[in-house]
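Peer 1: Okay, handing you the structure first.
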Amino acid sequence: MALILVADDDAASRLLVATVLRHAGHTIVEAADGEAALAAVAAECPDLLLIDLNMPGISGVDVIRRLRIDAALSDVSIALYTATPPNAAMRDFMEIYAIKAAVPKPSEPEELLRAVEDALAP
């Protein structure tokens, strides 16, 4: 299974997502903010970064932008886990930054697992 970094400032959301993904056999690393997410991507080389867009300090948007311009980290697969409603701007953002999936927050475990599997697919 995959090594997945779950980055979300909401501890309850992180716990829920981590529990669902661990139960599915994945190894989970958690980050409570954007700064920790950037450090964890560099240190852990996850197969997937599942990230909330709205975090204090360094936002998920800024984390994604920084990753995509860093040659050493630019190929990490990214999926969104966010309460931000889908719209044209989000679809454009996902296309520009090669984001593989978006999962609405909250979501059913099956929906989360399906999006993660889609994001992990080659």
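Peer 1: Calculate one ³J(HN,Hα) per residue across segment 105-122 by plugging θ = phi - 60° into the Karplus curve 6.51 cos²θ - 1.76 cosθ + 1.60, and present them in order as whole Hz with x for glycine and proline.
Peer 2: Using θ = phi - 60°, the values come out as 10, x, 9, 6, x, 5, 5, 4, 5, 4, 5, 5, 5, 4, 5, 7, 5, x Hz.
Peer 1: Report the extension gain between ASN87 and ILE69 in nm, rounded to one decimal, defined as 0.36 nm multiplied by the number of residues separating them, less their alpha carbon distance.
Peer 2: My answer for the length gained is 4.0 nm.
Peer 1: Tell me, Kirkwood radius of segment 15-122 from alpha-carbon pair distances, in Å?
Peer 2: Averaging 1/r across every pair of different Cα atoms and inverting gives 14.0 Å.
Peer 1: For TYR81, enumerate residues with amide H under 5 Å from its amide H, sequence gap 5+ or separate chain, H modeled in the peptide plane.
Peer 2: ILE51, ASP52, LEU53, VAL103
Peer 1: Top mean-square fluctuation among PRO46, PRO86, PRO104, Gaussian network model of the chain, C-alpha springs under 10 Å?
Peer 2: Of PRO46, PRO86, PRO104, the Gaussian network model singles out PRO86 as fluctuating most.
Peer 1: What is the gain in length, in nm to one decimal, between GLU44 and SER107 on full extension, counting 0.36 nm per residue of separation less the C-alpha to C-alpha distance?
Peer 2: 20.0 nm
Peer 1: Residue-wise, which Karplus ³J(HN,Hα) couplings in Hz belong to segment 62-69, taking 6.51 cos²θ - 1.76 cosθ + 1.60, θ = phi - 60°, and x for glycine or proline?
Peer 2: Computed from phi, the couplings for segment 62-69 are 5, 4, 4, 4, 5, 5, 5, 9 Hz.
Peer 1: So, one more: Given springs between every Cα pair under 10 Å in a Gaussian network model of the chain, which of ASP75, ASP52, ASP92 has the largest fluctuation?
Peer 2: Of ASP75, ASP52, ASP92, the Gaussian network model singles out ASP92 as fluctuating most.
Peer 1: List, in order, the whole-Hz ³J(HN,Hα) value for each residue of segment 13-23 obtained from phi through the Karplus relation with A = 6.51, B = -1.76, C = 1.60 and θ = phi - 60°; use x for Gly and Pro.
Peer 2: With coefficients 6.51, -1.76 and 1.60, one gets 5, 4, 4, 4, 5, 4, 5, 4, 6, 4, 4 Hz.
Throughout, read-outs are computed from the coordinates displayed, never taken from laboratory work. Since we're looking at a predicted model, the values are computed, not measured.
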